[in-house]
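*Asks:* Have a look at the structure that comes next, please.
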Amino acid sequence: MDLRGKIVLITGASSGIGAAAAREFVRAGADVALVARNAARLNELAKELDGAAHVFPADLGDPDEVVALAAEVKARLGVPDVIVNNAGAGRWLFVDESTPHDFRAMAAVPYLAAGYVTCAFAADMVRRGSGRIVVVNSPVSRATWPGAFGYAAARWGLRGLVNALRADLRGTGVGVTEVMPGKVSSDYFANNPGSEERVPAVSAIVPTVTPEQVARALVAATARDRRRVLLPLMLRAVAAQAWLAPRLTDWLMGATGAKRR
Ligand SMILES: NC(=O)c1ccc[n+]([C@@H]2O[C@H](COP(=O)([O-])OP(=O)(O)OC[C@H]3O[C@@H](n4cnc5c(N)ncnc54)[C@H](OP(=O)(O)O)[C@@H]3O)[C@@H](O)[C@H]2O)c1
């Protein structure tokens, strides 16, 4: 897809990967719709992007807010050409540390939010016969580590969402791209305290990437209509191992992952 003049809606655009992706899409000639809860940070980014960005503050965990958001985006900008489902949060807790409310919060964003946002625009995109849905996912959707129950389940949910979208959108002209980075040097772990300590030791073999590296890979994958992009390269080896040797992968995650205190 030639990104020049296209409208790209990015969720979770107030920090990290989403903010870096907004800058990268604008560099590629697109206009961006920035979505997150923190309006001040979105406005700051929009100012930096100098006329190419439009701010839509919303809590994506609430389907009513997503319906209102979609109506406003369509009225102000039209139907987006690209939707980047990137907003995400979730503390890493063992199942027996989690309350039902924790579990609901971890499913709300990214999993349910990605579904809400995609449903809110899908009919228009299919009718138009073009577009791309991008989903930012985590390696936990391939290799599940302990001590991150709701987080891991939500990312497996996102993996299912990607597959179900591919099945439904086949032949419509609307493509689907899954972007999966390893550990990213964003504020994610500061925003979700107690999680970084639970990254399994074995994952130290995969170098940490920056939000800017993820953004460049995400925008390039969108422009080239790619189905999936994993980064850094080493993560492809981990995903291949999870595919070929799932029990060995489970063992490695358990042996080097978080232990109950
Ligand atoms: N960091 C990593 O190591 C890593 C690795 C693999 C995948 N990922 C995934 O990449 C995505 C982006 O993460 P990041 O690393 O850029 O983290 P981040 O800096 O914490 O950014 C998360 C973004 O999601 C937004 N968000 C959270 N809850 C929201 C809600 N209820 N409604 C609307 N927006 C909401 C936040 O904005 P507001 O607070 O302003 O709402 C923020 O813009 C996440 O889905 C994460 O799971 C991260």
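*Asks:* Quick check on the stretch 171-184. Is at least one of its residues among the hydrophobic types (A, V, I, L, M, F, W, C) and free of Cβ contacts under 8 Å to residues at least 24 places away in the same chain?
*Replies:* no
*Asks:* Follow-up. Go through the stretch 67-93 and report how many residues are under 28 Å from Pro211 (Cβ atoms), touching a Phe, Trp or Tyr at 6+ places or on another chain (Cβ under 9 Å) and not aliphatic (A, V, I, L, M).
*Replies:* 7
*Asks:* Separate question: Looking at the structure I just gave you, is Glu178 buried (at least 21 other Cβ atoms within 10 Å of the Cβ) and closer than 24 Å to Ala242 by Cα?
*Replies:* yes
*Asks:* Just to be sure before I move on: is Arg155 out of contact with any Leu (no Cβ under 6 Å at 6 or more places or on another chain), within 15 Å of the ligand (Cβ to nearest atom) and either on the phi > 0 side of the Ramachandran plot or in a helix (DSSP H, G or I) (or both) in the structure I sent?
*Replies:* So Arg155 passes the test.
*Asks:* Still on this structure, please answer the following. As an exercise: evaluate Asn43 against (1) over 24 Å from Asn137 (Cα atoms); (2) touching a residue at least 24 places away in the same chain (Cβ under 8 Å) and give the number of the one condition it does not meet.
*Replies:* The one condition Asn43 does not meet is (2).
*Asks:* Is it the case that Gly18 is crowded, with 23+ Cβ neighbours inside 10 Å and touching a Ser or Thr at 6+ places or on another chain (Cβ under 8 Å)?
*Replies:* yes
*Asks:* Give me the pairs: first residue in the stretch 7-20 and part of a loop (DSSP other than H, G, I, E, B) and near the ligand (Cβ under 6 Å from one of its atoms), second residue basic (Lys, Arg) and at pLDDT 95 or above, beta-carbon distance under 6 Å, and six or more apart or on different chains, which are they?
*Replies:* Close Cβ pairs (under 6 Å, with a partner that is basic (Lys, Arg) and at pLDDT 95 or above) amount to Ser14/Arg41.
*Asks:* Search the stretch 91-108 for residues that are surrounded by fewer than 18 Cβ atoms within 10 Å (Cβ to Cβ) and pair each with any residue that is of a type in the set (Lys, Arg) when their beta-carbon atoms are under 7 Å apart and the residues are at least 6 apart or on different chains.
*Replies:* Phe94/Arg260
*Asks:* Looking at the stretch 202-211 only, could you name the residues that are in a helix (DSSP H, G or I), surrounded by 17 or more Cβ atoms within 10 Å (Cβ to Cβ) and in contact with a helix residue (DSSP H, G or I) (Cβ under 6 Å, 6 or more places away or on another chain)?
*Replies:* Pro211 - this is the single residue of the stretch 202-211 that is in a helix (DSSP H, G or I), surrounded by 17 or more Cβ atoms within 10 Å (Cβ to Cβ) and in contact with a helix residue (DSSP H, G or I) (Cβ under 6 Å, 6 or more places away or on another chain).
*Asks:* Right, something else. I'm checking my understanding of the structure. Among residues of the stretch 134-152 that are out of contact with any strand residue (DSSP E or B) (no Cβ under 8 Å at 6 or more places or on another chain) and assigned to a helix (DSSP H, G or I), which one is most open to solvent (accessible area, probe 1.4 Å)?
*Replies:* Phe149
*Asks:* A further question follows. List pairs: first residue in the stretch 224-251 and over 16 Å from Asn137 (Cα atoms) and assigned to a helix (DSSP H, G or I), second residue open to solvent by less than 30 Å² (accessible area, probe 1.4 Å) and among the β-branched types (Val, Ile, Thr) anywhere in the structure, Cβ distance under 7 angstrom, at least six positions apart or on different chains.
*Replies:* Met234/Val206; Gln241/Thr249
The values are calculated or read from the model by the stated rules, or taken from the named source; none is laboratory data. Keep in mind that what you see is a predicted model, and the values were worked out from it rather than measured. When we count neighbours, we look across all protein chains shown, and the Cβ atoms used for this are built from the backbone with ideal geometry, even at glycine. Please note that ligands, DNA and RNA were not included when accessible areas were found on the heavy atoms of the full protein model with its side chains. Shrake-Rupley method; radii C 1.70, N 1.55, O 1.52, S 1.80 Å.
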